[in-house]
Structures are given as structure tokens and as C-alpha cells.
Amino acid sequence: MATHPVARVSELPPGARKIVEIDGRSIGVFNVEGRFYALRNACPHQGAPLCQGSLDGTYTSTRPGEFIREREGEVLTCPWHGWEFDVTTGRSVFNPHRMRVRSYEVSVADAEDPAAPADPTVPTFPVTVDDGVVLLHV
């Protein structure tokens, strides 16, 4: 699996997305409340540019007439036909067991050396990263 730096954390604030081309694949990288996710930019229905669709949430209800807004910014709607996908998993909202879009692993690394793998023999200490690099693992 190859690792590709796609943006600095500050370039993808919560609610933002960036569409990148990696190894001939168009992939959308999303920041959902500080957590990063990546999906293939092709709707499995008819190949629409899925990651250009709107980000929204879902509604639940415990009784008639009550609507509770949930999962804000986690539901991606296809711009062509309105099919909805969970950004965090790639699974379809309407048929999660049979329909999905390819998802990719995303991590955040220290901006000084974004591709350096962790060495378990080296002691580590808690640190904070002010402006790390978002890495896409394809």
C-alpha cells in the first residue's frame, strides 16, 4: 500500500473536501468534524462524480411528528441521481449490505516527515500537531 500526501490539515477544515488523482483514480478526501475519510469519486450507480455531491446528515424519529437531525456532514449525496453514501464507511444509506463505494484509509502525520513509518523500538512521547499532513493510503 502506497502513501500519498494530499493536503495540510489546515487546508481541509471540518466540512471541507479535496478531490485528488492518485494512480489514475479520482478520490475525494473529506474532513468530518476533524476526522478524515476518503472515497472513490465514482458513484456505483452510473459513474457520476460522487465526491462533488452535497454533504448532509440523516433524520431519525422516536414517534410520529418528531424529527431528530443526526450524523451531520456524514452523508454524501450523488449529484446525478441522489443516491446517498456514508462518508465514514462508503456504504449506501438505503442498502448498506449490498451497495457501497470504495473507501480508503486516511491518516494524519507530522508535517516534518509525513511518510516516516512508526518504529516500535523507539520510545515515543505525547505531542500535538498544529498543521500536519493528511495522508491517503492507496
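Inclusion of residue 82 among residues that are free of Cβ contacts under 8 Å to residues at least 40 places away in the same chain, on the phi > 0 side of the Ramachandran plot and among the small types (Gly, Ala, Ser) is warranted.
Return yes when residue 74 is acidic (Asp, Glu) and surrounded by 11 or more Cβ atoms within 10 Å (Cβ to Cβ) and no when it is not. In short, yes. When the residues of region 1-32 are narrowed to those that are in contact with a His (Cβ under 9 Å, 6 or more places away or on another chain) and surrounded by fewer than 12 Cβ atoms within 10 Å (Cβ to Cβ), which ends up modelled with the highest pLDDT? Per the stated criteria, the residue is 23.
Being farther than 23 Å from residue 11 by Cα, at pLDDT below 85 and of a type outside the set (A, V, I, L, M, F, W, C) is a condition met by at least one residue of region 84-96.
Under the condition of being part of a strand (DSSP E or B) and of a type in the set (Asp, Glu), the residues counted in region 11-45 number 1. Restricting attention to region 33-61, the residues being hydrophobic (A, V, I, L, M, F, W, C), over 13 Å from residue 134 (Cα atoms) and either at pLDDT 95 or above or out of contact with any strand residue (DSSP E or B) (no Cβ under 7 Å at 6 or more places or on another chain) (or both) number 6. Taking residue 75 as the residue in question, decide whether it is part of a strand (DSSP E or B), more than 18 Å from residue 136 (Cβ to Cβ) and at pLDDT 85 or above. Spelling it out, residue 75 is indeed part of a strand (DSSP E or B), more than 18 Å from residue 136 (Cβ to Cβ) and at pLDDT 85 or above.
Taken together, the criteria exclude residue 109 from residues that are aliphatic (A, V, I, L, M) and either farther than 19 Å from residue 31 by Cα or modelled with pLDDT under 55 (or both).
The values are calculated or read from the model by the stated rules, or taken from the named source; none is laboratory data. Remember, it's a predicted structure, so these values are computed and weren't measured experimentally. Note that each Cβ is placed from the backbone with ideal geometry, even for glycine, and that neighbours are counted across all protein chains shown.
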